[in-house]
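Undergrad: Have a look at this one before I ask anything.
The values are calculated or read from the model by the stated rules, or taken from the named source; none is laboratory data. Small disclaimer: the values here were computed from a predicted structure and weren't measured. Cβ: placed from backbone, ideal geometry, glycine included. Neighbour counts: every protein chain shown. When the accessible area is computed, the model is the full protein with side chains, heavy atoms only, and any ligands, DNA or RNA have been set aside. Shrake-Rupley method; radii C 1.70, N 1.55, O 1.52, S 1.80 Å.
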Amino acid sequence: PEFPGSVVSCADDATLVSGSRDNHLMIWNMTEQQTAGVPGVPVKCLEGHAHFVSSIAMSSDGAFALSGSWDHTLRLWEVATGRCIRTFKGHTKDVLAVAFSADNRHIISCGRDKTIRLWNTVGEVKKVYSDKPHSEWVTSVAITPSEAAEETLVLSAGWDNKVKAFKLLDGSHVADMEAHTGPVNSVVVSPDGTVAASAGKDGKVCLWKLTGEDKFTVSHTFDCGDHTINAPIPEP
C-alpha cells in the first residue's frame, strides 16, 4: 500500500495485515514466493474506510483484524474472508489507535477528539474514560495481558506529554506517568505485562515498571537526541 500507516502479524506468523493512506487494508501471505526473494504476496484488499487507516490490531487467535481510521470509525474484519462484520461509530475526530484485550472481549480506541473509548465486540460504546483524561490528542493505547478483566489496565499516550494508566472496565484513573518533555507518540506493553515502553517527539524511549512497589516509574530512558521516535517495538 502507498504510505503504510500500520502493520501487524497474525498468530501464525504467515499472515500480515497492513493499513495505508490509500484507505485500504491489505492481507499478505508471508510464505509464498519466499524462495524467489519476494517477502510476501498480497492476498486480499479490504475496502470500507473513507479516509486513512491509522491503526490495526489483531485478535489473539488471528481470526479478526480491527482497524481505526481518520474517517472517525473503527471496523472489525474477518481475516479469512476479508469481510467487514462491524463498524464502530462514536469518535468525533480521527481515530489514531485501537487495541484488543487479551480475551478479545473488549476493544479500546483513542483519537484526536482527546477521548479513550471502551467498546464491546458488537460495536457498542461501554465507557468513555472521563476520570482525569488527556488534555490533548490521545495517540496510542495498550492493554495489559491480565487474565482477569478487573485487574486489566489500559495505558495511553498523549500529546499532553503524558502516559496515563486507567482501569479497563470502569475507566478510573490509576496513574500519570510523567517523564517525556514533548508529545508522546506511542506506548506498548511487554507480552508478560511487567514493562511498558513509550516513545515521543522529545527523542526519548522510556521503560516503565508495571509491577512492584515502584510501579509506574521509569526504569530506563534512551535518548535519541533530536530524532522523533514514533513507536518502540516490544520483544517477545
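Undergrad: Please report the spacing between the Cα centers of the range 45-92 and the range 190-235 in Å, no decimals.
TA: Taking the Cα centre of the range 190-235 as reference, the centre of the range 45-92 is 27 Å away.
Undergrad: If you place +1 on the Cβ of every Lys and Arg, -1 on the Cβ of every Asp and Glu, and leave all else neutral, what size is the dipole of the chain about its Cα centre, to the nearest 20 Debye?
TA: 680
Undergrad: For the full complex of protein chains and a 1.4 angstrom probe, list R117, R21 by accessible area with the highest value first.
TA: Ranked from most to least accessible, the order is R21, R117.
Undergrad: For the chain, set up a GNM with springs between Cα atoms under 10 Å and report which of A14, A149, A199 has the largest fluctuation.
TA: Maximum among the listed residues: A14.
Undergrad: Oh, and also: Could you please report the charge total around T181, scoring K, R as +1 and D, E as -1 over all other residues with beta-carbon less than 13 angstrom from its beta-carbon? Display every interim value, and only then the final one.
TA: Values: positive: K162, K201, K204; negative: D160, E178, D202, D223, D226.
That sum, taken over residues with Cβ under 13 Å, equals -2.
Undergrad: Rounded to the nearest percent, how much of the accessible area of the chain (1.4 Å probe, protein heavy atoms only) is carbon and sulfur? Walk me through the numbers before you get to the answer.
TA: On the way: 5580 of 11200 Å².
Of the solvent-accessible surface of the chain, carbon and sulfur hold 50 percent.
Undergrad: Quote the accessible area belonging to H72 in square angstrom, nearest 10, computed with a 1.4 Å probe and with ligands, DNA and RNA left uncounted.
TA: 60
Undergrad: Sticking with this one: In the chain, if the dipole is taken from +1 on Lys/Arg beta carbons and -1 on Asp/Glu beta carbons about the Cα centre, which of A165, G40, T217 is farthest to the positive end?
TA: A165
Undergrad: So, one more: For the range 88-223, give the magnitude of the charge dipole about the Cα centre (Cβ charges: +1 Lys/Arg, -1 Asp/Glu; no others), in debye to the nearest 20. Spell out each step's value before the answer.
TA: Numbers: 16 positive and 18 negative charges, 96 e Å.
Charge dipole of the range 88-223: 460 debye, to the nearest 20.
Undergrad: Heavy atoms of the protein only, probe of 1.4 Å, neighbouring chains included. What is the accessible area of E151 in Å², nearest 10?
TA: So the heavy atoms of E151 present about 130 Å² to solvent.
Undergrad: Pull out a ≥ b ≥ c, the square roots of the eigenvalues of the alpha-carbon gyration tensor of the chain, then state rounded if a/c is under 1.5, prolate if not and a/b is larger than b/c, and oblate in the remaining case.
TA: prolate
Undergrad: Between their Cα atoms, which of K132/K204; K44/K204; K127/K201; K89/K215; K114/K167; K126/K204 are more than 27 Å away from each other? Show your work: numbers first, answer last.
TA: Values: K132/K204 24 Å; K44/K204 37 Å; K127/K201 29 Å; K89/K215 35 Å; K114/K167 17 Å; K126/K204 34 Å.
Those over the limit are K44/K204; K127/K201; K89/K215; K126/K204.
Undergrad: Now a separate question. Could you give the size of the charge dipole of the range 23-162 about its Cα centre, using +1 on the Cβ of each K and R and -1 on the Cβ of each D and E, expressed in debye and rounded to the nearest 20? Numbers along the way, then the final one.
TA: Working: 14 positive and 15 negative charges, 77 e Å.
The dipole of the range 23-162 has a size of about 380 debye.
Undergrad: List residues of the range 95-123, by number, whose backbone nitrogen lies under 20 Å from a label position 7 Å along Cα→C-beta of I85.
TA: 98-109, 119-123
Undergrad: Arrange the residues F166, F216 by how much accessible surface each exposes, largest first, with a 1.4 angstrom probe. Write out the running numbers ahead of the final one.
TA: Numbers: F166 0, F216 30 Å².
Highest to lowest solvent-accessible surface, that is F216, F166.
Undergrad: Just to verify a number: what accessible area does M26 come out at with the full protein assembly present, 1.4 Å probe, Å² rounded to tens?
TA: 40
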